[in-house]
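The values are calculated or read from the model by the stated rules, or taken from the named source; none is laboratory data. Here the structure is a predicted model, which is why all the values come from computation and not from measurement. So basically every Cβ, Gly included, is an ideal-geometry build from the backbone, and we count neighbours across all protein chains shown. Calculation scope for accessible area: heavy atoms of the full protein, side chains included, ligands and nucleic acids excluded. Shrake-Rupley method; radii C 1.70, N 1.55, O 1.52, S 1.80 Å.
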Amino acid sequence: MKSLFEKIEETAAFINSRITNKPVAGIVLGSGLGGLTDIIEGATVIPYSEIPNFPVSTVKGHGGELVFGKIGTTDVVLMSGRFHYYEGYSMEMVTFPIRVMKAIGVDTLVVSNAAGGMNKSFVIGDLMIINDHINLFPEHPLRGANDERLGTRFPDMSQPYDISLIDKATGIAAELGVDVKTGVYVGLQGPTFETPAEYRWLHVIGGDAVGMSTVPEVIVARHGGMRVFAMSVITDIGISDVPVTITHEEVLEAANAAAPKMAAIVAALVKTF
Ligand code: HPA
């Protein structure tokens, strides 16, 4: 059986044989946040189904793809369609694309997601720059034997989200006239949304927003020594005096509506790389 390292090398070699650019930034798009794909110039698209060792998407009608091209003068690779733990993928599968990005030369990871808000000052449609996270996934993506070629056994997590990128993005948002919040993202496995007591608890432990992704990818990116920038769209508010129902459709609708604002900030940020 191939080791993780061998699979990464094989997949990276395949991708390198198909692309002409050398991406320095990797972008992971969250639910309903597809807008960025359109601004990539000179795109080369590789469906996940053609990529050796890549997971196959469980979402009907959208198999997912890697999009390679430029934003401004910066070479990027964009993941359109991500793998969630709740879909049944192992942590190795959820984070495999991040490993491959690193192997083809990506040194900065930009992640987006849709998230529920717990901070009382947040409203639906807000953007939140993630400045820290709390990992409540039931399994750690680095569990198991550590391959030193991929990173150290006990990675430091004192600054998971790069402070200079947070500062730069905050400045860009101000220039664009887009209001952004900053806060702590809590990652849970889902797929249920939280109960009222869970939202209250997650706020008490220090969370401002909660979602079902991002944390595994960020941990693996940090393991590999990548810089990370991440942003949430607040698609629903969990803290309320009366029970508020949440549906996936509402989450997608709110994410879609906020996507252009997020795309503008991410694009301007990536252009500075
Ligand atoms: N909880 C968890 N995941 C989410 C939410 C939420 O409220 N909104 C969007 N993704």
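Computed quantities for the displayed model
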item: Those lysines that a straight Cα-Cα span of less than 30 Å connects to Lys261, excepting residues fewer than 8 apart in one chain; result: Lys22, Lys60, Lys70, Lys102, Lys120, Lys168, Lys181, Lys271
item: Net lengthening on full extension, Arg153/Lys120 (0.36 nm per residue, minus Cα-Cα); result: 8.1 nm
item: Exposed-site-free run, longest, the chain (rule: trypsin sites (Lys or Arg not before Pro); DSSP loop; at most 12 other C-beta within 10 Å); result: 154-273
item: Computed E for Thr44/Asp107 - FRET, C-beta separation, R0 30 angstrom, nearest 0.05; result: 0.90
item: Stokes-Einstein translational diffusion, the chain - Kirkwood Rh over all Cα pairs, 1.002 mPa s, 20 °C, in µm²/s; result: 114
item: Antiparallel bridge percentage (DSSP; both residues within the chain; nearest 5); result: 35
item: Solvent-accessible area per residue for region 9-130 (1.4 angstrom probe, square angstrom); result: 37
item: Apportionment of accessible area to carbon and sulfur, region 4-270, percent (1.4 Å); result: 54
item: Projected label distance in nm at Val56 and Arg143, using a 7 Å step from Cα toward the beta-carbon; result: 2.6
item: DSSP loop GluC sites (Glu not before Pro) with at most 14 other Cβ within 10 Å: longest gap in the chain; result: 1-138
item: Computed magnitude of the charge dipole of region 4-270 (debye, nearest 20; Cβ of K, R +1, Cβ of D, E -1); result: 400
item: Sequence-separation-based contact order of the chain, relative, with Cα cut under 8 Å and 6+ spacing, percent; result: 26
item: Rounded to the nearest 20 debye, dipole of region 1-160 from Cβ charges on Lys, Arg, Asp, Glu; result: 100
